[in-house]
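All remarks here apply to the structure that follows.
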Amino acid sequence: MSPLRTIHTWAPVLLAVLLPLGCRAVRSTPDDLPPSALTVPPEPIDAGHVAQRLVDAVIQIESGGDPAKVGRHGERGLMQIKAGTWRDMTAKLFGSPLPFDRAFEPELNRRVGTAYLAHLQAVLLARRSDWQTDERTLLLAAYNAGPGRVRSGRYSLARMPRSTRDYVARASALHDVYLDDIACAVRARLRAAL
């Protein structure tokens with residue numbers, strides 16, 4: 001199937017998904033905007049925005065935003081952090097481990113979970129030449145199944161358990177929706193500025 005036919009096939013589906021989210025369809029060459037307006041958005045989307053939206057996606061998948069959630073293996077809080085991970089990451093962040101009961105504090109849980117994602121990213125980047133898929137996929141797989149499982153799967157999502165593949169698919173799709181929401185907001189600010 002040609003790429004053009006694929007775009008035409010999926011365009012109605014994408015519009016049906018995006019329009020209820022409040023994002024207006026935008027033509028690729030808008031006639032109502034001067035070319036200078038398209039060059040510099042008022043607030044560019046940077047890596048920090050992308051990373052924070054990935055954390056938001058993980059939170060939604062892990063706990064549904066419930067800071068009091070306890071997982072079936074004892075994971076706690078928004079990002080469903082395990083006791084050992086909590087101990088290790090809080091020791092790195094604060095010089096000594098914090099009590100695991102504090103994992104229910106939303107801001108602290110998010111901070112520790114974000115630090116753990118950064119740690120996983122550093123572990124993955126050290127083996128970049130071994131990757132069989134993209135960084136986001138491997139990062140989500142490592143968060144879900146652990147870096148050892150990703151390593152034993154030879155950095156390929158296809159070699160991961162079905163539950164991990166499903167987790168990655170759901171979190172990636174949610175992350176894409178969050179990123180599109182940012183893009184819609186930037187386009188709206190751009191139009192308002194004109």
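The values are calculated or read from the model by the stated rules, or taken from the named source; none is laboratory data. Quick caveat: nothing in here was measured; it's all calculated off a predicted structure. No Cβ is skipped: glycine too gets one built from the backbone with ideal geometry, and neighbour counts run over all protein chains shown.
Annotations
- Close pairs (6 angstrom Cβ cut-off, 6 or more residues apart or separate chains): under 13 Å from L120 (Cβ atoms) in region 85-96, of a type in the set (A, V, I, L, M) and assigned to a loop (DSSP other than H, G, I, E, B) anywhere: none
- Any hit, region 143-151, residues being on the phi > 0 side of the Ramachandran plot, out of contact with any Cys (no Cβ under 7 Å at 6 or more places or on another chain) and of a type outside the set (F, W, Y): yes
- Qualifying residue in region 90-98 (condition: of a type in the set (S, T, Y) and crowded, with 17+ Cβ neighbours inside 10 Å): yes
- Candidates I61, I81 - the one that is modelled with pLDDT of 95 or more, of a type in the set (A, V, I, L, M, F, W, C) and under 21 Å from A173 (Cα atoms): I61
- If you filter region 166-180 down to residues that are over 18 Å from L117 (Cα atoms) and more than 11 Å from the chain's Cα centre (by Cα), you find that the one that is modelled with the highest pLDDT is D166.
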